[in-house]
Amino acid sequence: MSRLDGALTESIASGRRRVLDLATALPAWAAVLLVWTGGRIVSTFWLALAYPLIGRALPANAIWGNDHGFLTFLTAWDGQYYEQISVHGYPTTLPLDAAGHVAQNAWAFLPAFPFTIRMLTASTGVPFDVGAPAIALLAGLVAAYLLHRLVRDRAGSAAAMWAVFFFTCGPLSFLLQVGYAESMFLALVFGALLALERRRYGLLTLLGVVAAFTRPGALAIPLVLGVVALVRWVRARRTEGVRSIDAFPVVERVRVVAAGVVMVAAGFAWPVIASHVTGSPNAYLETEMSWWVNFIGRVDFMPLTPWFLIAARWLGVGGILIVVFLLVSYPVWLLRRSTRRLGFTTVVFSAAYAVYIFAVSLPMASTPRLLMPLAPLFGSPELVSRPWMRWTLVVCAVLGQPVLVAVLWLLGPP
């Protein structure tokens, strides 16, 4: 290596150290804000670059009506249903297709996000296509900060910042600023996990209930609460009569049970509400299943089978083997010592939420965004302590986002 090459290498290394030193010296909120802002600039760039292509690439059902402005582009696909709910509420009669089956409709989308936009619109007068991205942006910032705290408390500041980077700048990060409920749900979930770790059961209950009316999947939160409480109860029995940090007094047990019951009730409430309003006993389930028809035809719902159904349909026996491999490898990875350093609550949630996704959802274009609540796993020391792994993930984040913007937002639906 020549002297010039050596000097250049040393200069790059020195500049990298200065950047890292600056990031470390910043307060946590400022560092998160800086990374989040950079991510939003990059995502806006890719969305703006894709926007002129909508006339040729975007399917007709992605945007209803004739308004194809950039803000409407940011509230396309499912955002249209959220706008319908925000402006008009839910239909009292389920729409039917030509064969008499329930067609796709607004009951598949929960009310917390669109009703929040309705409150903003009523109080400020801003239209939906302004309010929805604005709330998504703010909620995404809150989610990023809560993710940082969740990972930092267990794995340290460096791991937390890497997790925030992959979350806010990764391939799916453009969803944090479009008219979807993802940002709001993620903020609620990360906040609920923090509240659980701090044993603030009132706050946990509030966040868990709101999450249950924001996106499906919030039932994983009371499940985690139940597992954590069971482990504490067993440990308390073992140390009964001895002062211990694992002590689990009766008053706290009552609060845990109450929180769990309320969150479980909230988690099952939406299908009951849909049935009551529409007069159809299976309104919510039949609405959800209407999205499956284009992938596997019309089938009866059975938990734990959707991934096998679509794998067999498209890949045959090989697809089933892939699903089996995922079912074996994911728990093994969660149980690795490095992953367990993220904390018992995070690991149990990652298992519970994955079980939910596997049990009730059909793998399709929307599956990657459904997995976004697993973002704390990006803080695993095993991933962020190895330079080659970090930079592999950085390259995937940088190159993956324009690909997914083109594939999921232009061709979608995500």
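Summary of values
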read-out: Cβ-Cβ under 6 Å pairs, at least 6 apart or on other chains, the stretch 64-81 side under 16 Å from GLN177 (Cβ atoms), far side open to solvent by 20 Å² or more (accessible area, probe 1.4 Å) and assigned to a loop (DSSP other than H, G, I, E, B); value: TRP77/GLY412; TRP77/PRO413
read-out: Near pairs, Cβ below 7 angstrom, 6+ apart or cross-chain, from the stretch 330-355 (without any contact (Cβ under 8 Å) to a residue 60 or more places away in the chain and closer than 21 Å to ARG149 by Cα) to any residue that is open to solvent by 90 Å² or more (accessible area, probe 1.4 Å) and part of a helix (DSSP H, G or I); value: VAL347/ARG340
read-out: The listed residue being open to solvent by less than 10 Å² (accessible area, probe 1.4 Å) and touching a helix residue (DSSP H, G or I) at 6+ places or on another chain (Cβ under 8 Å), out of LEU186, LEU172, LEU219, LEU207; value: LEU186
read-out: Options SER385, SER366; residue that is out of contact with any Leu (no Cβ under 6 Å at 6 or more places or on another chain) and open to solvent by less than 30 Å² (accessible area, probe 1.4 Å); value: SER366
read-out: Condition broken by ARG232, with the remaining ones in (1) modelled with pLDDT of 95 or more; (2) in a helix (DSSP H, G or I); (3) among the basic types (Lys, Arg) satisfied; value: (1)
read-out: Wholly enclosed helices (runs of 4 or more DSSP H) of the stretch 293-344 bearing at least 2 residues closer than 30 Å to ARG198 by Cβ and open to solvent by less than 50 Å² (accessible area, probe 1.4 Å); value: 337-340
read-out: The stretch 244-269 - residue that is in contact with a helix residue (DSSP H, G or I) (Cβ under 6 Å, 6 or more places away or on another chain) and under 15 Å from ARG215 (Cα atoms) and, of those, surrounded by the most Cβ atoms within 10 Å (Cβ to Cβ); value: MET263
read-out: Candidates GLY318, GLY400, GLY412, GLY379, filtered to the one that is farther than 30 Å from LEU49 by Cα, more than 16 Å from the chain's Cα centre (by Cα) and small (Gly, Ala, Ser); value: GLY318
read-out: Matching option when the condition is buried (at least 19 other Cβ atoms within 10 Å of the Cβ), under 23 Å from ALA106 (Cβ atoms) and either without any contact (Cβ under 8 Å) to a residue 40 or more places away in the chain or in contact with a helix residue (DSSP H, G or I) (Cβ under 6 Å, 6 or more places away or on another chain) (or both), among VAL224, VAL178; value: VAL178
read-out: Number of the condition not met by VAL102 [criteria: (1) of a type in the set (Val, Ile, Thr); (2) within 27 Å of GLY69 (Cβ to Cβ); (3) open to solvent by less than 20 Å² (accessible area, probe 1.4 Å)]; value: (2)
read-out: Verdict on PHE358 being assigned to a helix (DSSP H, G or I), under 26 Å from GLY400 (Cα atoms), out of contact with any helix residue (DSSP H, G or I) (no Cβ under 8 Å at 6 or more places or on another chain) and of a type outside the set (Asp, Glu); value: no
read-out: Selection status of THR287, under 30 Å from VAL102 (Cα atoms), open to solvent by less than 20 Å² (accessible area, probe 1.4 Å) and not aliphatic (A, V, I, L, M); value: yes
read-out: Helices (runs of 4 or more DSSP H) completely within the stretch 20-95 that count 2 or more residues being β-branched (Val, Ile, Thr) and in contact with a Lys or Arg (Cβ under 9 Å, 6 or more places away or on another chain); value: 78-88
read-out: Count of residues meeting criterion [part of a helix (DSSP H, G or I) and charged (D, E, K, R)] in the stretch 96-139; value: 2
read-out: Verdict on ASP67 being over 14 Å from VAL405 (Cβ atoms) and open to solvent by 30 Å² or more (accessible area, probe 1.4 Å); value: yes
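The values are calculated or read from the model by the stated rules, or taken from the named source; none is laboratory data. Given the structure is predicted, the values throughout are model-derived calculations rather than measurements. In this analysis, Cβ positions are derived from the backbone assuming ideal geometry, glycine residues included, and neighbour counts consider all displayed protein chains. For the accessible areas, the whole protein counts, side chains as well, though only heavy atoms, and no ligand, DNA or RNA atoms are used. Shrake-Rupley method; radii C 1.70, N 1.55, O 1.52, S 1.80 Å.
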